[in-house]
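Working notes, beginning with the structure itself.
The values are calculated or read from the model by the stated rules, or taken from the named source; none is laboratory data. Quantities reported herein were computed from a predicted structural model and do not represent experimental measurements. Here the Cβ positions follow ideal geometry from the backbone for every residue, glycine too, while neighbour counts run over all protein chains shown. Ligands, DNA and RNA are excluded from the accessible area calculation, which covers all protein heavy atoms including side chains. Shrake-Rupley method; radii C 1.70, N 1.55, O 1.52, S 1.80 Å.
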Amino acid sequence: MSNAAVKRDTIAARRAGGIPQERARRRQAIVEAAVRVIEEHGTDTGLGTVADRAGLPRPHVYRHFASKGDLDQSVARHAARLVSAWIRPSLSAPGTPPEVVHGIVGRVLSWAVAHPNLYRFRARLGTAYAVPEITEAAVANLRAAGYSAHLPAYVVASVVGMVDAGIIWWFDHRDEVGPEQLNDWLAAQVWRVVAEAAQRSPSASDDG
């Protein structure tokens, strides 16, 4: 390709990059490329590897992200959305609150097993993104079970962090405890914290 042709392509790319829809599409393509690289090679991958996977020169990445940290945050938000979509059916599942908590933790654990590198990455940077949806679903479930159910965001963030820490520890100690035992233990600890934070309504049954 001649220098003139390269120049024309570059100008066209810059012009297309100025269109909001095109910019959003390219940002998402870079994020998805970063996800694939993290899944395959781990959490400490370089920007050059991500650019290569996206089929872009490295400088072009900086047209869409202010820094590597900006890209990392976007990847963490994307990973958090993937986890949220995976566990969403469990958030409104039937059952007592402890049973629902057990199901949610089980779904999180199964996703983590399937995507260990991306889970580590999300846990490092993306905990806050999961908190609002989990809080809303937890409050609805608890109220249906007879709890007054005011759950501060810091309580939900704390139990999300506890689950993350437990699963990440387990990645490196699978010979010490099985996934079912880990699920049981984490769910029990989460429920203890949540139950203490959510007061039971006086009119509610004491069953469950």
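Miscellaneous remarks
- Among residues that are within 30 Å of Ala145 (Cα to Cα), free of Cβ contacts under 8 Å to residues at least 60 places away in the same chain and assigned to a helix (DSSP H, G or I), Val108 is included.
- Residues located in region 43-52, provided they are more than 18 Å from the chain's Cα centre (by Cα) and over 20 Å from Ala114 (Cβ atoms): Gly46, Leu47, Gly48, Thr49, Val50, Ala51, Asp52
- Filtering region 163-175 to residues that are outside any helix (DSSP H, G or I) and surrounded by 14 or more Cβ atoms within 10 Å (Cβ to Cβ) leaves nothing.
- The criterion of at least 3 residues that are out of contact with any helix residue (DSSP H, G or I) (no Cβ under 8 Å at 6 or more places or on another chain) is met, among helices (runs of 4 or more DSSP H) falling completely within region 38-95, by 68-91.
- Exactly one residue out of Val100, Val61 is crowded, with 18+ Cβ neighbours inside 10 Å, without any contact (Cβ under 8 Å) to a residue 60 or more places away in the chain, within 19 Å of Met162 (Cβ to Cβ) and over 12 Å from the mean Cα position of the chain (by Cα): that is Val100.
- Selection of region 117-132 for residues being open to solvent by 60 Å² or more (accessible area, probe 1.4 Å), touching a residue at least 24 places away in the same chain (Cβ under 8 Å) and not basic (Lys, Arg) yields Ala128, Tyr129.
For (1) modelled with pLDDT of 95 or more; (2) closer than 19 Å to Gly103 by Cβ; (3) assigned to a helix (DSSP H, G or I), each residue gets a yes or a no:
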| residue | (1), (2), (3) |
| --- | --- |
| Asn141 | no, yes, yes |
| Tyr154 | no, no, yes |
| Gly161 | no, no, yes |
| Val177 | yes, no, no |
| Gln181 | yes, yes, yes |
| Val194 | no, yes, yes |
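- Unmet requirement for Glu40, which otherwise passes all of (1) surrounded by 14 or more Cβ atoms within 10 Å (Cβ to Cβ); (2) closer than 17 Å to Asn117 by Cα; (3) at pLDDT 90 or above: (1)
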